[in-house]
Amino acid sequence: MYLKSLVENYQTAQVRAVANITRESDVHHSPETSFNSDCLAEGLTMERRMKPACDHSSCASGARGRFNDISPFGILLCWLPGLLFPPLTHAQQREVLQRNAQQSLTVPAPSGAATRRTQIAEGEYAIYEQANSGAFGPLGEEVYDFHESWTLWRTEKGPYQVEGERKFESPKYMAHANRFLVDLSRDMTVISMTEFTHLDWIRDSGPLSCEFFTKEVHCSSGARDPHQSVDLHVPIEDPFAFLWPISPFSLSSLTRQSERDTARSTNVQLLSIEQPNAAHPVNPVMLSGQLHYLGEEDLETADQKWRAHEFSLKVAMHPQFLIWTSSRGVLLALAIEHSHPNWPQEGMRLVRFKKWADF
């Protein structure tokens, strides 16, 4: 039954995108909480150009002065490794591990012994949202005070693995902590993601996982009862990333697949997965976008100075996003650009970083 509803939802994705996503950019985040109907006329080719929302006196250095220090309400948007769903209890996490043959966070070697890994770097992302009391996300799924800490490992055979924990409040004052894994290729593009939690409306679920293939993204809710499992197969044609839930490593992976030519843009696809209700436990919406390389610029974040690559990302029914990455592809910062001159700042940035070896 759930799989049938998934197919019906996906076939009507473009229609639901207008209803679900417009509310986020034009209602939920609007200083006047008024509906901007102009974006509907733009359809799937939104051309709004966004302006900085702060001056040089109110912003931290770097990136043309666009960023303030992280506020106490620090929390961000739609760009996360893994899926941001309510966490499993400790007992449920143990049950999930038993269900998966006691698989630990360390990837097993073919011989059965643990794969030898070398710790390369560690860091932490934080979302900042100066409006809506720090809330970010689709209505009914808002998160507060989002922080994602992670450790990057190089595996024995060469590819990389990210192991981390995502902490946030949802609803406000209800704390969550979800462990996650991201498998990366040698060039730091995402291969798969796993988060140790469950779906909102299906308790027999978890861990949640997604695998990235050349022409398809396959996501599974996991379940002890096969009839309760939700499996999503989404065809893709262009470089792909998650829009919601937010995945920093997914977004940085997207920039690794784009043209490094300021005269050309790259067609990309962004997937938003929401959880509306029990009748429709998962609602996938695929949107097309344009990723454009803007060049290099100096950026200061995580108490370090970087020579960063800057990209603009335009997605239908959303304001423009600006993304900065390191030369190796680590996401350094993300800003949401609005046309309103007094629009409160929102985005995500790397707030802590330490490296032990080159990668």
Of residues in segment 336-345 being assigned to a strand (DSSP E or B) and surrounded by fewer than 24 Cβ atoms within 10 Å (Cβ to Cβ), the one nearest to the chain's Cα centre (by Cα): 337
Qualifying positions in segment 174-205 - among the β-branched types (Val, Ile, Thr) and closer than 15 Å to residue 221 by Cα: 194, 197, 202
Criterion violated by residue 214 - all others in (1) more than 15 Å from residue 271 (Cβ to Cβ); (2) touching a Leu at 6+ places or on another chain (Cβ under 6 Å); (3) not basic (Lys, Arg) satisfied: (2)
Scope segment 183-207; condition under 26 Å from residue 152 (Cβ atoms) and not hydrophobic (A, V, I, L, M, F, W, C); matching residues: 183, 185, 186, 187, 189, 192, 194, 195, 197, 206, 207
Positions within segment 274-311 being of a type in the set (Asp, Glu) and modelled with pLDDT of 95 or more, in sequence order: 296, 297, 298, 300, 303, 310
Test result for residue 261, free of Cβ contacts under 8 Å to residues at least 60 places away in the same chain, touching a strand residue (DSSP E or B) at 6+ places or on another chain (Cβ under 8 Å) and over 21 Å from residue 190 (Cβ atoms): yes
Enumeration of residues in segment 214-228 that are closer than 12 Å to residue 199 by Cα and touching a residue at least 40 places away in the same chain (Cβ under 8 Å): 221, 222, 228
Out of 286, 317, sole residue that is on the phi > 0 side of the Ramachandran plot, touching a residue at least 40 places away in the same chain (Cβ under 8 Å) and either touching a helix residue (DSSP H, G or I) at 6+ places or on another chain (Cβ under 7 Å) or among the basic types (Lys, Arg) (or both): 317
Residues being touching a Ser or Thr at 6+ places or on another chain (Cβ under 6 Å), assigned to a loop (DSSP other than H, G, I, E, B) and more than 25 Å from residue 230 (Cα to Cα) - total across segment 246-299: 2
Hits in segment 204-245 (condition: out of contact with any helix residue (DSSP H, G or I) (no Cβ under 9 Å at 6 or more places or on another chain), surrounded by 19 or more Cβ atoms within 10 Å (Cβ to Cβ), among the β-branched types (Val, Ile, Thr) and part of a loop (DSSP other than H, G, I, E, B)): none
Scope segment 246-276; condition surrounded by fewer than 24 Cβ atoms within 10 Å (Cβ to Cβ), of a type outside the set (Asp, Glu) and in contact with a His (Cβ under 9 Å, 6 or more places away or on another chain); matching residues: 258, 260, 262, 264, 265, 266
Every residue from segment 191-203 that is without any contact (Cβ under 8 Å) to a residue 40 or more places away in the chain and not in a loop (DSSP other than H, G, I, E, B): 191, 192
Test: residue in segment 327-336 that is in contact with a Leu (Cβ under 7 Å, 6 or more places away or on another chain) and without any contact (Cβ under 8 Å) to a residue 40 or more places away in the chain: yes
Of all residues making up segment 162-176, the number that are in a strand (DSSP E or B) and surrounded by fewer than 22 Cβ atoms within 10 Å (Cβ to Cβ): 6
Cβ-Cβ under 9 Å pairs, at least 6 apart or on other chains, segment 143-161 side outside any strand (DSSP E or B), far side among the hydrophobic types (A, V, I, L, M, F, W, C): 156/109; 159/184; 159/191
Condition broken by residue 179, with the remaining ones in (1) of a type in the set (Lys, Arg); (2) buried (at least 16 other Cβ atoms within 10 Å of the Cβ); (3) out of contact with any Asp or Glu (no Cβ under 6 Å at 6 or more places or on another chain) satisfied: (3)
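The values are calculated or read from the model by the stated rules, or taken from the named source; none is laboratory data. Everything quoted here is computed from the prediction, not taken from an experiment. Every residue, glycine among them, receives a Cβ derived from its backbone with ideal geometry; neighbour counts consider all protein chains shown.
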